[in-house]
Amino acid sequence: MDDIVSLVDWSRAQFALTAIYHWLFVPLTLGLSVIVAVMETMYVRTGDVKWLGLTKFWMRLFGINFAMGVATGIILEFEFGTNWSNYSWFVGDIFGAPLAIEGLLAFFMESTFIAVMFFGWKKVSKRFHLTATWLTAIGSSLSAWWILVANAWMQYPVGMEFDPAQMRNVMADFWAVAFSPVAVNKFFHAVMCGWTVSGVFVIGVSCWMLMKKRNIEASLSSIKLAGWVGLIGIVGTMATGDGSAKEVARVQPMKLAAMEGVYHGNEGQEITTFGVLTPGKTYADDKDEFIFHIAIPKGLSFLATGDFDAFVPGVNDLVDGYAVNEAGDTIFSGVSYAERIARGKEAHASLRAFDAAMKAGDTAAMQQSKAELMKNYEFFGYGYFDSVDEAIPNVPITFYMFHLMVILGGYLLAMLAASLFLAYKKQSWLLGNKLVHLVGMVSIPLVWLCSEAGWAVAECGRQPWLIEGLMPAKAAISAIPATSVIITFVLFAVLFTALLAAELSIMMRQISKHSKEDILSPEV
């Protein structure tokens, strides 16, 4: 038993490590490809070579980052087969479809047109090259779409049917999977996040050049364009974040309760803007939720439902039997977590009975067992638990990551708006104030921290589920020794850290080298 626990923990840790490193590269790819495409569009439309110089300068950094993203992304997808083979078997017919489409886009569309981007200068016409640049940017976003469809399906499984004869789920409605509201909202949230990351990155690098008094005009032009992209990105991220919160309230109410540290919900539930949770607090004790906190009255009710007086359930309410229906209304379902666990175990027993009847060729018994299975199948995943404690996510991690993301998001909105104001109205401050330069540069790691915190909320908040309500992590792992996972975890940690160090080193060398040249007078 201890080995199984260790295997689950290390498998989760390895996947988290890979995902964290991969997400360092993805948002910059999504946003910087758009910035480069806009710059090249300006060059083609105006014929002004300064835009060609800016395009080539930022395209170099895009290419370095793109290569690193591909390297980590390939490993991430392989881990589903190596570490989570039970998961791959159980839902491979559904989960594999968007990943296969993403693979086609990534390795055919993106790879083809990115080659034209970097090696097509002087070999193809300006407009053909511009088309390739835009198709690379569009391809990156389409690739992200299918990855996020797969992730959204894990958060909100739809469009499937369970086939007891195969003991696995099969695709029933591809379009329900591809265009579920969770997937659509998650896609736009991630893309807007990428625009924000890239806008801040370009501003930060430009601030460094201003501090070094290099390429002043190029830096100002970059800040203006990146500021608009970043500002659109952060506003879009906040708008889709609101949509995400409403979707979470509708389909993952336990995650929402963890995000806000709510154990006992109320009508007109307040939202915490800042607070410190009581250490060791669990759903079963009478401790206060917070040591102290600052809250906005009725804020969470409005965030979750659009109604200031709506009831929002907390952890204890959900464990005791409150639920959220498809319309987003909170109801008392009468199905507590304890009953869900019991009915989940009944579903497991019915599946075993079906399997035995199928082997015996008893058609009547198969039909009876299938009927009993489907009656309880919605609670199938709970049958893997022995206590309700196992079905509750890590509240402190989810709470603190969510509030870190929100606080940093507010800072980034102010920073991007201020960058545009300075670039257009107070250029003297932007040119000569080292504090402004330092703020721009420090914002680069902060925007990545904000982005990673968002993913921590999404993934930690849905634990212990790999597939919400259907398959917990401990049921999804491969039957391999925990030591094998530990060894590969260490190897990946070393490899990914080396890749990150290499990217940072190469990028800084490229920035330093080419910032000494006249960016706005490139070889045509």
If I filter the range 42-76 down to residues being over 16 Å from residue 226 (Cβ atoms) and of a type in the set (Phe, Trp, Tyr), which single residue comes out as most open to solvent (accessible area, probe 1.4 Å)? 66
Quick one: what pairs do we get from the range 38-50, first residue of a type in the set (Val, Ile, Thr), second open to solvent by less than 70 Å² (accessible area, probe 1.4 Å), C-beta under 7 Å, 6+ apart or different chains? 38/225; 41/130; 44/130; 49/522
For the range 10-28: of the residues being open to solvent by 40 Å² or more (accessible area, probe 1.4 Å) and among the aromatic types (Phe, Trp, Tyr), which is farthest from residue 449 (Cα to Cα)? 10
Taking only the range 161-171 into account, find how many residues are open to solvent by 60 Å² or more (accessible area, probe 1.4 Å) and not in a strand (DSSP E or B). 2
Among the numbered criteria (1) open to solvent by less than 30 Å² (accessible area, probe 1.4 Å); (2) in a helix (DSSP H, G or I); (3) over 22 Å from residue 230 (Cβ atoms), which single criterion is violated by residue 367? (1)
Those residues of the range 283-304 which are open to solvent by 60 Å² or more (accessible area, probe 1.4 Å) and in a loop (DSSP other than H, G, I, E, B), in sequence order: 284, 286, 287, 288, 297, 298
Yes or no: the range 291-307 includes at least one residue that is among the β-branched types (Val, Ile, Thr), without any contact (Cβ under 8 Å) to a residue 24 or more places away in the chain and over 30 Å from residue 32 (Cα atoms). yes
Check off (1) of a type outside the set (Gly, Ala, Ser); (2) without any contact (Cβ under 8 Å) to a residue 40 or more places away in the chain; (3) under 23 Å from residue 70 (Cα atoms) for residue 129 and give me the number that stays unchecked. (2)
Within the bounds of the range 385-408, is there any residue that is under 30 Å from residue 225 (Cβ atoms) and open to solvent by less than 30 Å² (accessible area, probe 1.4 Å)? yes
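Could you check the range 94-113 and list, in sequence order, the residues that are of a type in the set (Asp, Glu) and within 9 Å of residue 139 (Cβ to Cβ)?
110 - this is the single residue of the range 94-113 that is of a type in the set (Asp, Glu) and within 9 Å of residue 139 (Cβ to Cβ).
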Of everything in the range 281-326, what is out of contact with any helix residue (DSSP H, G or I) (no Cβ under 8 Å at 6 or more places or on another chain) and of a type in the set (Val, Ile, Thr)? Give them in sequence order. 291, 294, 296
Within the range 346-362, is there a residue that is on the phi > 0 side of the Ramachandran plot and out of contact with any strand residue (DSSP E or B) (no Cβ under 7 Å at 6 or more places or on another chain)? yes
Take the residues in the range 245-264 that are free of Cβ contacts under 8 Å to residues at least 60 places away in the same chain and not aliphatic (A, V, I, L, M), then tell me which one is least open to solvent (accessible area, probe 1.4 Å). 263
May I ask you to verify whether residue 441 is in contact (Cβ under 8 Å) with a residue 12 or more places away in the chain, in contact with a helix residue (DSSP H, G or I) (Cβ under 8 Å, 6 or more places away or on another chain) and under 18 Å from residue 225 (Cα atoms)? yes
Which of the residues that make up the range 29-41 are over 23 Å from the mean Cα position of the chain (by Cα) and either within 13 Å of residue 62 (Cβ to Cβ) or surrounded by 18 or more Cβ atoms within 10 Å (Cβ to Cβ) (or both)? 36, 37, 38, 39, 40
Note on the range 453-487: residues buried (at least 18 other Cβ atoms within 10 Å of the Cβ), in contact (Cβ under 8 Å) with a residue 60 or more places away in the chain and over 30 Å from residue 338 (Cα atoms) are 454, 482, 485
What residue, among those in the range 305-327 that are among the β-branched types (Val, Ile, Thr) and open to solvent by 20 Å² or more (accessible area, probe 1.4 Å), is modelled with the highest pLDDT? 305
If you check 58, 51, 23, which single one turns out to be closer than 26 Å to residue 456 by Cβ, part of a helix (DSSP H, G or I) and among the aromatic types (Phe, Trp, Tyr)? 23
Of all residues being more than 24 Å from residue 251 (Cβ to Cβ) and without any contact (Cβ under 8 Å) to a residue 60 or more places away in the chain in the range 181-221, which is most open to solvent (accessible area, probe 1.4 Å)? Just the residue, please. 213
Subset of the range 432-452 (residues that are within 25 Å of the chain's Cα centre (by Cα), closer than 12 Å to residue 208 by Cβ and surrounded by 20 or more Cβ atoms within 10 Å (Cβ to Cβ)): 440, 443
So for the range 132-142 (the condition being outside any helix (DSSP H, G or I), without any contact (Cβ under 8 Å) to a residue 40 or more places away in the chain and either among the hydroxyl-bearing types (Ser, Thr, Tyr) or surrounded by 17 or more Cβ atoms within 10 Å (Cβ to Cβ) (or both)), does at least one residue qualify? no
Residue hits (the range 492-508; open to solvent by less than 50 Å² (accessible area, probe 1.4 Å) and within 23 Å of the chain's Cα centre (by Cα)) are 492, 493, 496, 499, 500, 503
Looking only at the range 97-119, decide whether some residue is hydroxyl-bearing (Ser, Thr, Tyr), open to solvent by less than 20 Å² (accessible area, probe 1.4 Å) and more than 30 Å from residue 253 (Cβ to Cβ). no
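The values are calculated or read from the model by the stated rules, or taken from the named source; none is laboratory data. All figures in this text were calculated on a predicted structure; none of them were measured in a lab. Neighbour counts are summed over all protein chains in view; Cβ atoms, including those assigned to glycine, are modelled from backbone coordinates with ideal geometry. Note: accessible area is taken over every heavy atom of the protein model, side chains too, but ligands, DNA and RNA are not part of it. Shrake-Rupley method; radii C 1.70, N 1.55, O 1.52, S 1.80 Å.
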